[in-house]
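Let me begin by presenting the structure, written as structure tokens, before commenting on it.
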Amino acid sequence: MAFKTAEAKIAAREATAARKAQDAQARAAADQQKAAEREEAAFRASPVGQATSANEQGHGFFEIQLTVGSSQRDSTIWGSNNTSWNKAKTQTHAGTLSAIEAAGWRLENVGYIFVITGESSRDKFLASGQQTAVSGHTVGIYLFRNTDTANGARRTRTAAAPA
């Protein structure tokens, strides 16, 4: 049985510490790479990321649908809307629309639709007829034109197109 000298034990500890440090650096680099990939995927899933991807692919138009408001209503047996159940929410997308324009798009057209998500109907109390309350959300449909197009012809890009 061979015994290690003090110098050999110190060298072995230093080698182990160096291996652990290298492993920790490799794990940190892998974690950083994964975080960057998650951040990029989250950006590409956002409206601005979708606009950027469409611009990179050379699309002439970009359409996005954003919820701009919602309304939740309920009718009561007394024949009027129950004000305690009325919930209306609005959202602003001015920052998102500005960022899309900064990504190389110009807002061309906007339309709005109301999407019904529910309906509550009851007979009126001590009266004829029915009371109906409709719930849903308002969607803005935004159409952008690519600002890299001039007179219908696409300008040449300095960066290579993706394969």
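Some observations on this one:
This table checks each residue for (1) part of a loop (DSSP other than H, G, I, E, B); (2) modelled with pLDDT under 95; (3) exposed (fewer than 14 other Cβ atoms within 10 Å of the Cβ).
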residue: Gln22; (1), (2), (3): no, yes, yes
residue: Arg27; (1), (2), (3): no, yes, yes
residue: Gln32; (1), (2), (3): no, yes, yes
residue: Glu37; (1), (2), (3): no, yes, yes
residue: Glu40; (1), (2), (3): no, yes, yes
residue: Phe43; (1), (2), (3): no, yes, yes
residue: Gly58; (1), (2), (3): yes, yes, yes
residue: Gln65; (1), (2), (3): no, no, yes
residue: Val68; (1), (2), (3): no, yes, no
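- Filter result for Gly79 (open to solvent by less than 30 Å² (accessible area, probe 1.4 Å), at pLDDT 75 or above and of a type in the set (Gly, Ala, Ser)): no
- Any hit, the range 117-136, residues being modelled with pLDDT of 85 or more, out of contact with any Phe, Trp or Tyr (no Cβ under 9 Å at 6 or more places or on another chain), open to solvent by 40 Å² or more (accessible area, probe 1.4 Å) and under 23 Å from Ala42 (Cα atoms): no
The values are calculated or read from the model by the stated rules, or taken from the named source; none is laboratory data. Worth saying up front: this structure is predicted, and the values here are computed from it rather than measured. Here the Cβ is made from the backbone with ideal geometry for all residues, glycine too, and neighbour counts use every protein chain on show. Accessible surface is based on the protein model in full, side chains and every heavy atom, while ligands, DNA and RNA are left aside. Shrake-Rupley method; radii C 1.70, N 1.55, O 1.52, S 1.80 Å.
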